[in-house]
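Please read the structure below before turning to the comments.
The values are calculated or read from the model by the stated rules, or taken from the named source; none is laboratory data. Treat the numbers as computed from the prediction; the structure is a model and nothing was measured. Every residue, glycine among them, receives a Cβ derived from its backbone with ideal geometry; neighbour counts consider all protein chains shown. Quick note on the areas: whole protein, heavy atoms, side chains included, nothing else; ligands and nucleic acids left out. Shrake-Rupley method; radii C 1.70, N 1.55, O 1.52, S 1.80 Å.
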Amino acid sequence: LKIGGVWSPESCQSHEKVVIIVPYRNRTDQLMAFLRYMHWFLQRQLVHYRIVIMQQTGRALFNRGMLMNVGFSEIKQLQHVDCVIFHDIDLLPENDRILYRCENMPKHMSAAVSSFHYKLPYSNMFGGVEAFKVAQFHTINGFSNSYFGWGGEDDDLYKRVYLHRLEILRDDQTLARYYMMTHADQPKNPKRFDLLKKSTSRFETDGLNSLVYKCLYIEERPFFTLILVDLDEMF
Ligand code: BGN
């Protein structure tokens, strides 16, 4: 394993460079479990990858979507990227046949999660783990930056994909099984219903092209690349 949580196989050349972007705040136990599990998992698949932990500091509520956008933009300045996998820290793939790679359409990887009894809770669900080729993510202008607090940013992302005439792929639910580690509930975003109702009008102006944030530092640690950011609704 190279510094920054980077690994590539020696016996062959992977056909894409994958970056796993993981939003994070105050969950040290889950971070340890995630890293221990995922490095072995990805190496068994001979993936050329980097694990990036996006840590949010400051007073604002957690903004999963914006952390993903910032990670995407910052890492592209550091290395060549073909495929980004946006990954919740509490989800672990249970099956080695869940391939950590990108397809010709965005992919919802975590289709069957333990806490939802290994079933999709609703057909438009697009949360948990999502894989995008770089160009696909640019096409939809990334996530919305407007969702501070739990909920809705993934439903907004789903709408962006379909509005741009892309579609979402999923593996069979018997295969795409993920274990969810337990955690305390996040403070919910009371504005999420309104934001989602008006999301179509914001696609072009709210996303990768409107990112404003304070990047405090980027550090290549032994097991991951850490990006510390302050996100504020005021910026
Ligand atoms: C949904 C949330 C998603 C979340 C799933 C699974 C909302 C928006 C309401 C209009 N969506 O209810 O963000 O991933 O549950 O937990 O809250």
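Considering only the range 14-48, state which residues are β-branched (Val, Ile, Thr), touching a residue at least 24 places away in the same chain (Cβ under 8 Å) and part of a helix (DSSP H, G or I).
Filtering the range 14-48 for residues β-branched (Val, Ile, Thr) gives 18-22, 28, 47.
So of that shortlist, the ones also touching a residue at least 24 places away in the same chain (Cβ under 8 Å) come out as 18-22, 47.
Passing the criteria: none in range.
Quick one: is residue 158 assigned to a loop (DSSP other than H, G, I, E, B) and within 16 Å of the ligand (Cβ to nearest atom)?
Values: assigned to a loop (DSSP other than H, G, I, E, B): no; within 16 Å of the ligand (Cβ to nearest atom): yes.
No, not satisfied.
Just to be sure I understand, how many residues within the range 42-63 are open to solvent by 10 Å² or more (accessible area, probe 1.4 Å) and either in contact with a helix residue (DSSP H, G or I) (Cβ under 8 Å, 6 or more places away or on another chain) or within 14 Å of residue 148 (Cα to Cα) (or both)?
The number of residues fulfilling the criteria is 7.
So residue 39 passes all but one of these: (1) more than 25 Å from residue 168 (Cα to Cα); (2) buried (at least 18 other Cβ atoms within 10 Å of the Cβ); (3) in contact with a Gly (Cβ under 8 Å, 6 or more places away or on another chain). Which condition number does it fail?
Status for residue 39: all satisfied but (2).
Hey, could you check the range 151-199 for residues that are of a type in the set (A, V, I, L, M, F, W, C) and exposed (fewer than 12 other Cβ atoms within 10 Å of the Cβ) and say which is nearest to residue 108 (Cα to Cα)?
It comes out as 193.
Among the candidates 126, 132, 143, 148, which residue alone is more than 16 Å from the ligand (Cβ to nearest atom), of a type in the set (Phe, Trp, Tyr), buried (at least 16 other Cβ atoms within 10 Å of the Cβ) and not in a helix (DSSP H, G or I)?
Numbers: 126 fails: more than 16 Å from the ligand (Cβ to nearest atom); 143 fails: more than 16 Å from the ligand (Cβ to nearest atom); 148 fails: more than 16 Å from the ligand (Cβ to nearest atom).
Being more than 16 Å from the ligand (Cβ to nearest atom), of a type in the set (Phe, Trp, Tyr), buried (at least 16 other Cβ atoms within 10 Å of the Cβ) and not in a helix (DSSP H, G or I) holds for just one of 126, 132, 143, 148, which is 132.
For residues that are at pLDDT below 95 and part of a loop (DSSP other than H, G, I, E, B), scanning just the range 212-230, find the one that is most open to solvent (accessible area, probe 1.4 Å).
Of everything passing the filter in the range 212-230, 212 is most open to solvent (accessible area, probe 1.4 Å).
Restricting to the range 109-119, what's the tally of residues that are within 11 Å of the ligand (Cβ to nearest atom) and open to solvent by less than 40 Å² (accessible area, probe 1.4 Å)? Spell out how you get there, then give the answer.
Keep residues of the range 109-119 that are within 11 Å of the ligand (Cβ to nearest atom), which gives 110, 113, 115-116.
Narrowing the set further to residues that are open to solvent by less than 40 Å² (accessible area, probe 1.4 Å) leaves 110, 113.
Qualifying residue count, the range 109-119: 2.
If the requirement is being at pLDDT 95 or above and surrounded by 21 or more Cβ atoms within 10 Å (Cβ to Cβ), which of these qualifies: 66, 32?
66
For residue 181, which of the numbered conditions (1) within 16 Å of the ligand (Cβ to nearest atom); (2) farther than 16 Å from residue 159 by Cα; (3) over 18 Å from the mean Cα position of the chain (by Cα) fails to hold?
So the condition that residue 181 fails would be (3).
Which of the following residues is modelled with pLDDT under 95, exposed (fewer than 14 other Cβ atoms within 10 Å of the Cβ) and not aromatic (Phe, Trp, Tyr): 15, 80? Before you say what the answer is, go through the steps one by one.
Working: 80 fails: modelled with pLDDT under 95.
The unique qualifying residue is 15.
Every residue in the range 114-156 that is aliphatic (A, V, I, L, M) and over 16 Å from the mean Cα position of the chain (by Cα), please.
Step one: of the range 114-156, the residues aliphatic (A, V, I, L, M) are 120, 125, 129, 131, 134-135, 140.
120, the sole residue that qualifies.
Conditions: (1) surrounded by fewer than 17 Cβ atoms within 10 Å (Cβ to Cβ); (2) within 16 Å of the chain's Cα centre (by Cα); (3) within 12 Å of the ligand (Cβ to nearest atom). Residue 99 meets all but one. Number of the miss?
With respect to (1) surrounded by fewer than 17 Cβ atoms within 10 Å (Cβ to Cβ); (2) within 16 Å of the chain's Cα centre (by Cα); (3) within 12 Å of the ligand (Cβ to nearest atom), residue 99 is out only on (3).
Identify the single condition in (1) within 22 Å of residue 74 (Cβ to Cβ); (2) open to solvent by less than 10 Å² (accessible area, probe 1.4 Å); (3) more than 11 Å from the ligand (Cβ to nearest atom); (4) not in a helix (DSSP H, G or I) that residue 137 does not satisfy, given that it satisfies every other one.
Of everything listed in (1) within 22 Å of residue 74 (Cβ to Cβ); (2) open to solvent by less than 10 Å² (accessible area, probe 1.4 Å); (3) more than 11 Å from the ligand (Cβ to nearest atom); (4) not in a helix (DSSP H, G or I), residue 137 misses just condition (4).
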